[in-house]
Amino acid sequence: MPASKGYAALNAQSQLAPFDFTRREPGPTEIAVEILYCGVCHSDLHMSRNEWGQSVYPLVPGHEIVGRVVAAGSAVSKFAVGGIAAIGVIVDSCRQCAPCHRGEEHFCCQGATLTYAATDRVDGSVTMGGYATNYVVDERFAHRVPDNLDLAAVAPLLCAGITTYSPLRHWKVGPGKKVGIVGLGGLGHMALKFAHSFGAHVVQFTTNLRKRDDALRLSADEVVLSTDEDAMKAHANFFDFILDAVSAPHSIDAYLTLLKQDATMCLVGLPDTPPSFGVFNLITRRASIAGSMIGGMTETQEMLDYCGAQNITADVEVIPIQQINEAFERMLKQDVKYRFVIDMSSLK
Ligand code: NAP
Ligand code: ZN
Ligand code: ZN
């Protein structure tokens, strides 16, 4: 059994601390990956602290993984030992239902297996995430990485990237469309890059005026401070699509009134309490509130290939794993530009 060193939360109150465990040997269609980089998603913080009530301890977070293949089963065809592979939020699914056949494993009728704190379909153990030295996964759930991209800056594409790329594609964001992005964090800054790259007019909403210059540099056409009532009112009846990537409870109504008739507000942020909103704000413009979750294997590879072609990656601050607890606290203070990524060589 391959030994793994990681960092784990032992309960909802504990800091993350060093934790040793083992992975299973890779099967015929599986690869073992030595993790080089792992992004720090706000979901890792929600889960470490059991904010969604579904955590299992000890919990090794991490689902934005880039690594080097160190072993490959006899039937593996997509990767060779020595190559680079990326792993995201899903590491298995039933592989037989209609969504799985379509490459939309995140909508698997039997429920996809998450990268951590889920039951492993192969051996029934609890999955342990990417804040660790290695991972073992079926090649179907690993992705090829374009070789022109910086690997540390690629890691966040595996969750923040696909979670924003997918709804922007689904709702056909492109030239002539006015798009709002709510929250300039890990997801938000990727949404901004993609929406601009797809040709839309993009308005970044933030609670933090100090992020204004960054938002413009990241290619926002406009930046609106969400606490500025006049600036908000000036965008009434303006948007075709709004993507909300905020991690904490906040007003949805403030944005519904900015939608055009028949427009959609899509929630990807997952605060620990459900949102409330006025139905009048929906019926008076026949607006829709929608949600979206990561993306399937087919679209994740499409997104990575698009990023390779367009030279898109995340803006990252690379940290040693020993700084992970401080990074969590800084994320809560909205003090990250715009994704922490752990350099896993710091674990050795
Ligand atoms: P993040 O980097 O911490 O960014 C969250 C942003 O939300 C902050 O930068 C901030 O933007 C805004 N914000 C924070 N507190 C706020 C408050 N009290 N009021 C208003 N705005 C506030 O987090 P992330 O990693 O991007 O994740 C964002 C959310 O998406 C999390 O809840 C995460 O669990 C969820 N998520 C969902 C999926 C999915 O599949 N749907 C996938 C990944 C993550 P400003 O500073 O600009 O205001
Ligand atoms: Zn995530
Ligand atoms: Zn399935």
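A short reminder: the numbers here are calculations on the coordinates, not readings from a lab. From a predicted model like this one, the values you see are computed outputs, not experimental measurements. Glycine gets a Cβ as well: all are built from the backbone with ideal geometry, and neighbour counts include every protein chain shown.
Considering only residues that are in contact with a helix residue (DSSP H, G or I) (Cβ under 6 Å, 6 or more places away or on another chain) and assigned to a strand (DSSP E or B), look in region 7-22 and name the one that is nearest to LEU45 (Cα to Cα).
Looking at residues that are in contact with a helix residue (DSSP H, G or I) (Cβ under 6 Å, 6 or more places away or on another chain) and assigned to a strand (DSSP E or B), I get ALA9.
Check every one of the strands (runs of 3 or more DSSP E) wholly within region 90-208 and list those with 2 or more residues that are of a type outside the set (Ser, Thr, Tyr) and either more than 24 Å from VAL246 (Cβ to Cβ) or within 16 Å of ligand 3 (Cβ to nearest atom) (or both).
Of the strands (runs of 3 or more DSSP E) lying wholly inside region 90-208, those with at least 2 residues that are of a type outside the set (Ser, Thr, Tyr) and either more than 24 Å from VAL246 (Cβ to Cβ) or within 16 Å of ligand 3 (Cβ to nearest atom) (or both) span 90-92, 134-138.
Working carefully through the options ARG169, ARG140, find the one that is away from ligand 1 (no atom under 16 Å from the Cβ) and of a type in the set (Lys, Arg).
Checking each option against the conditions leaves just ARG140.
Quick one: how many residues across region 268-287 are of a type outside the set (Lys, Arg) and within 24 Å of ASP230 (Cα to Cα)?
11
So which pairs qualify, if the first residue must be in region 94-109 and under 17 Å from ASP120 (Cα atoms), the second must be more than 16 Å from ligand 1 (Cβ to nearest atom) and among the small types (Gly, Ala, Ser), the Cβ gap must be under 8 Å, and the two must be at least 6 apart or on different chains?
Here the result reads CYS109/ALA98, each pair linking region 94-109 to a residue that is more than 16 Å from ligand 1 (Cβ to nearest atom) and among the small types (Gly, Ala, Ser).
Among the listed residues LEU158, LEU151, LEU114, identify the single one that is surrounded by 15 or more Cβ atoms within 10 Å (Cβ to Cβ) and touching a Gly at 6+ places or on another chain (Cβ under 7 Å).
Answer to the check: LEU158.
Which of the residues spanning region 89-107 are within 22 Å of PRO167 (Cα to Cα), touching a Gly at 6+ places or on another chain (Cβ under 9 Å) and more than 14 Å from ligand 1 (Cβ to nearest atom)?
Within region 89-107, SER93, PRO99, CYS100, ARG102, GLY103 qualify.
Does at least one position in region 80-87 carry a residue that is assigned to a loop (DSSP other than H, G, I, E, B), within 22 Å of ALA327 (Cβ to Cβ) and out of contact with any helix residue (DSSP H, G or I) (no Cβ under 9 Å at 6 or more places or on another chain)?
No, region 80-87 contains no residue that is assigned to a loop (DSSP other than H, G, I, E, B), within 22 Å of ALA327 (Cβ to Cβ) and out of contact with any helix residue (DSSP H, G or I) (no Cβ under 9 Å at 6 or more places or on another chain).
Considering each of ILE319, ILE342 in turn, give the residue that is part of a strand (DSSP E or B) and surrounded by fewer than 20 Cβ atoms within 10 Å (Cβ to Cβ).
Among ILE319, ILE342, only ILE319 is part of a strand (DSSP E or B) and surrounded by fewer than 20 Cβ atoms within 10 Å (Cβ to Cβ).
Search region 50-71 for residues that are closer than 21 Å to ASN325 by Cα and in a loop (DSSP other than H, G, I, E, B) and pair each with any residue that is within 16 Å of ligand 3 (Cβ to nearest atom) and among the β-branched types (Val, Ile, Thr) when their beta-carbon atoms are under 8 Å apart and the residues are at least 6 apart or on different chains.
HIS63/VAL89
For region 52-104, enumerate the residues that are closer than 15 Å to MET297 by Cα and within 16 Å of ligand 2 (Cβ to nearest atom).
HIS63, GLU64, ILE65, ALA86, ILE87, GLY88, VAL89, ILE90, VAL91
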